[in-house]
Amino acid sequence: MIKIGLIHCNLRVLMAERNLNIQKVKDKTTLSRTTISNLYNNYGSGVQFDTLKQLCKLLNCKPGDIFSYYDISVEFEEIAGDDELNSELDLESIYSSYRKDNGIDQSGNKTKIHALCKLEYEGEILEFEFKINLQIRFKNENSMEVEGIISRAYQTKLDSLKMPFHAENFVKEKLDEFIIEWTSKTFDDDLDGWGAIRQEFSINTIQ
């Protein structure tokens, strides 16, 4: 597992504590609204020293107050399982059925992924299996909707690490990427030659 870590910008919290908004920060510095907004929303891949200097002076803080580093790495992989867990869908039949019935009943178009999560957070290591239920629907002839439902056991495991929201959201984003990549890899051959079929995703955890 590659160690990548997570850097989170705390500017939103620091500004709220000082009753500042993006416009006020812009007025009190030479920073552009785009620069401030990107940091405020935790976007961007790099920060200029002058940006840090101006923010530290305005907020009366140190660079370490603006950014937090979390030692976190996560990896998801599919586990080879039986047909019940990693079943294949016949998309051509589903598509033909959609066109025939005009999408009235697509409730049976389901498959599952048996997945393994390898997660390390601040020195704690978790490795556990969980299931992802996928339901496939055609919204129209050019759009396929994939609904992913994650088992409650997955969320329970994450909760045991007591991660802050942004660290847990980082893991969620990586899981979303895994599901999208798995779906594309699994279905692309079936969709090949059909024209432009857009895949839309909705991924949620069972509450």
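FYI, it's all coordinate maths here, none of it is from the lab. Keep in mind it's a predicted model, so treat the numbers as computed, not measured. All Cβ positions, glycine included, derive from the backbone under ideal geometry; neighbour counts span all protein chains shown.
With the highest mean first, a sort of the peptides 13-22, 149-158 on other beta-carbon atoms found within 10 angstrom per residue produces 149-158, 13-22.
Of the listed pairs Lys26/Lys53; Lys131/Lys174; Lys162/Lys185; Lys112/Lys172; Lys28/Lys62, which have alpha-carbon separations greater than 22 Å here?
Values: Lys26/Lys53 14 Å; Lys131/Lys174 16 Å; Lys162/Lys185 33 Å; Lys112/Lys172 18 Å; Lys28/Lys62 18 Å.
Flagged as over cut-off: Lys162/Lys185.
Stretching the chain fully between Asp65 and Leu52 yields a gain of 3.6 nm (0.36 nm per residue, less the alpha carbon separation). Amide H contacts of Phe201 (H built 1.01 Å from N, in plane; Pro and chain starts excluded): Val146 sit under 5 Å, all sequence-distant by 5 or more or on other chains.
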